[in-house]
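This report refers to the structure that appears directly beneath it.
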Amino acid sequence: MKLALAPMEGLVDVHMRTLLTRSNAFDYCVTEFLRITNQLLPERVFTRICPEALNNWQTPSGTPVHLQLLGGEPQPMAENACRGVELGAPVIDVNFGCPSKFVCNSVGGSILLKSPDNLFNVLSAMRKAMPAHIPLTAKMRLGYEDKSLAIENAQAVEAAGASMLCIHARTKVEGYKPPAHWEWIAKVKENVAIPIMANGEIWTVDDYLTCREVSQCEDIMLGRGAIATPDLALQIRNQQLSTPYQADSWAQQLEDLLWMLNTTVDSGNIKFAADRMKQWLAFFKMRHTCAEVFFEKIKRVKNHNELKQLITQELERFT
């Protein structure tokens, strides 16, 4: 059984990957997508989106990092996949799931699901160009407007030579609205031979267990649930081992928040540091009453120093 950390644009950057993989509960994580248009990108672009490339494509805790590309033109995608391999990427993943209007309007992400030929053409060009020993994987939604092509799209991914497919159990139109249609992943799984990984609406250990049962998938990818509950993967691992585990307290999550704020500022991203922490807190409050109260206290704070002081004061209350 594999447990993976999902690629989430604007959420799971190098710092979030560092924090969420520190317990070694994830088998691997995936970068935010690297947008490919019509040219071969320079090395610096790859290392900017994946600084772990300078650490043998691993997070500081040793968790492997896979490179995700997004685009709809077969030749540029193939060329950039080879560039990623040259730089040491252990796996190349392709994004057929992003629901962003901007991305879809520029022929990328989930809009390609309108025709299985799109997926086949992109992936087959990449597979032919890449070294045979480097895995090529893909992530898709169940469809664009509806699920009528879900099975055909998955079969196209398989026929093109991908070795694994992760399925987010919603269409582009459904966005992130519950429920996730895990039963559709099971339908797809019956019609392809490559491994399928399930993703979508897994917020708790119980969700994880239900998803595995309904989707009939051994392998699971955690997305927003891991952002809202940073130790969710560790909770799942301990459940598998029937090992008693005390979930992280609100104080621990405040320490995580403080670490992330300091790390973001130290990396030079001072202008957006406070907003980035409030974005994360918005996920915390989905799971914690304390987070909801604290979010109301800080939601108008713009200065990172003021936010740091408020987090420190809140942490002192709970330790």
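Summary of values
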item: Pick from the stretch 189-213, criterion within 17 Å of Ala150 (Cα to Cα) and either in contact with a helix residue (DSSP H, G or I) (Cβ under 6 Å, 6 or more places away or on another chain) or among the aromatic types (Phe, Trp, Tyr) (or both), ranking: surrounded by the fewest Cβ atoms within 10 Å (Cβ to Cβ); result: Asn191
item: Within the stretch 126-164, considering residues that are in a helix (DSSP H, G or I) and among the small types (Gly, Ala, Ser), the one nearest to Lys187 (Cα to Cα); result: Ala150
item: Candidates Gly88, Gly62, filtered to the one that is in the same structural domain as Ala162 (by TED's automatic domain parsing), small (Gly, Ala, Ser), surrounded by fewer than 23 Cβ atoms within 10 Å (Cβ to Cβ) and touching a Phe, Trp or Tyr at 6+ places or on another chain (Cβ under 6 Å); result: Gly88
item: Residue within the stretch 75-82 that is within 17 Å of the chain's Cα centre (by Cα) and touching a residue at least 24 places away in the same chain (Cβ under 8 Å) present; result: no
item: Residue within the stretch 143-162 that is within 16 Å of Met221 (Cα to Cα) and assigned by TED's automatic domain parsing to the domain that holds Leu67 present; result: no
item: Leu112 being of a type in the set (A, V, I, L, M, F, W, C) and buried (at least 19 other Cβ atoms within 10 Å of the Cβ); result: yes
item: Criterion: surrounded by 14 or more Cβ atoms within 10 Å (Cβ to Cβ) and in contact (Cβ under 8 Å) with a residue 40 or more places away in the chain - qualifying residue of Glu314, Glu292; result: Glu314
item: Residues (in a loop (DSSP other than H, G, I, E, B) and closer than 16 Å to Arg35 by Cα) located in the stretch 90-99; result: Gly97, Cys98, Pro99
item: Residue match in the stretch 266-279 (condition: under 19 Å from Gly225 (Cα atoms) and of a type in the set (Ser, Thr, Tyr)); result: no
item: Lys172 being surrounded by fewer than 19 Cβ atoms within 10 Å (Cβ to Cβ) and out of contact with any His (no Cβ under 9 Å at 6 or more places or on another chain); result: no
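The values are calculated or read from the model by the stated rules, or taken from the named source; none is laboratory data. Everything quoted here is computed from the prediction, not taken from an experiment. Because the Cβ atoms are built from the backbone with ideal geometry, glycine has one as well, and the counts that use them run over all protein chains shown.
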